[in-house]
Amino acid sequence: MWFIYALLSAVFAALTSILAKIGIEGVSSNLATAIRTVVVLVMAWVIVFITKTQDQISGLSKKSWIFLILSGIATGLSWLCYYKALQIGDASKVVPVDKFSVVITMILAFLILNEAPTVKTILGGIFITIGTFIMILK
């Protein structure tokens, strides 16, 4: 089931890039990010209430709060940078560099989360890196 959600995530991320590139024309990248964020915020809370999980808020640990807030800050900074890059660059070049986050995530997972690197993950990371550079070369 995780694969289906991951695949849907990839499809929606692709749509996000294309729709954003079209919508950001003539608009401040910061304003565009703010509008997107409001839409995501409303959608997320609607889903929380539909699934009746809002009562879990009181059970969150201090550690969860801290790391979820830090994650939110990282997300916001990522979106601000992404929209600015998308505004001034070609989507076909911005998106591959943005998706290089896969390799960075793998490295951080090995270093911070102590996930075990395998030959498969290392080779995959190398191929993603090579592919990213091939796609952004002129």
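The values are calculated or read from the model by the stated rules, or taken from the named source; none is laboratory data. Keep in mind the model is a prediction, meaning the values are calculated, not measured. Here Cβ is always computed from backbone atoms with ideal geometry, including for glycine, and neighbour counts include all displayed protein chains.
Taken together, Val48, Val94, Val119, Val38 contain a single residue that is touching a Ser or Thr at 6+ places or on another chain (Cβ under 9 Å) and hydrophobic (A, V, I, L, M, F, W, C), which is Val94.
From the list Phe100, Phe49, Phe127, Phe133, pick out the single residue that is free of Cβ contacts under 8 Å to residues at least 24 places away in the same chain, under 23 Å from Ala6 (Cβ atoms) and either over 19 Å from the mean Cα position of the chain (by Cα) or surrounded by 12 or more Cβ atoms within 10 Å (Cβ to Cβ) (or both). Explain how you work it out, then say what you get.
On the way: Phe100 fails: free of Cβ contacts under 8 Å to residues at least 24 places away in the same chain; Phe49 fails: under 23 Å from Ala6 (Cβ atoms); Phe133 fails: under 23 Å from Ala6 (Cβ atoms).
Of Phe100, Phe49, Phe127, Phe133, the one residue that is free of Cβ contacts under 8 Å to residues at least 24 places away in the same chain, under 23 Å from Ala6 (Cβ atoms) and either over 19 Å from the mean Cα position of the chain (by Cα) or surrounded by 12 or more Cβ atoms within 10 Å (Cβ to Cβ) (or both) is Phe127.
For the condition surrounded by 10 or more Cβ atoms within 10 Å (Cβ to Cβ) and either under 15 Å from the mean Cα position of the chain (by Cα) or in contact (Cβ under 8 Å) with a residue 24 or more places away in the chain (or both), Ser92 qualifies.
Rundown of residues vs (1) surrounded by 10 or more Cβ atoms within 10 Å (Cβ to Cβ); (2) assigned by TED's automatic domain parsing to the domain that holds Gly26, yes/no style:
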{"site": "Ile69", "(1), (2)": "yes, yes"}
{"site": "Gly72", "(1), (2)": "yes, yes"}
{"site": "Tyr82", "(1), (2)": "yes, yes"}
{"site": "Ala116", "(1), (2)": "no, no"}
{"site": "Thr121", "(1), (2)": "yes, no"}
{"site": "Leu137", "(1), (2)": "no, no"}
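Could you go through region 128-138 and let me know if any residue there is of a type in the set (Phe, Trp, Tyr), more than 29 Å from Leu31 (Cα to Cα) and either assigned to a helix (DSSP H, G or I) or in contact with a His (Cβ under 7 Å, 6 or more places away or on another chain) (or both). Checking region 128-138: at least one residue is of a type in the set (Phe, Trp, Tyr), more than 29 Å from Leu31 (Cα to Cα) and either assigned to a helix (DSSP H, G or I) or in contact with a His (Cβ under 7 Å, 6 or more places away or on another chain) (or both).
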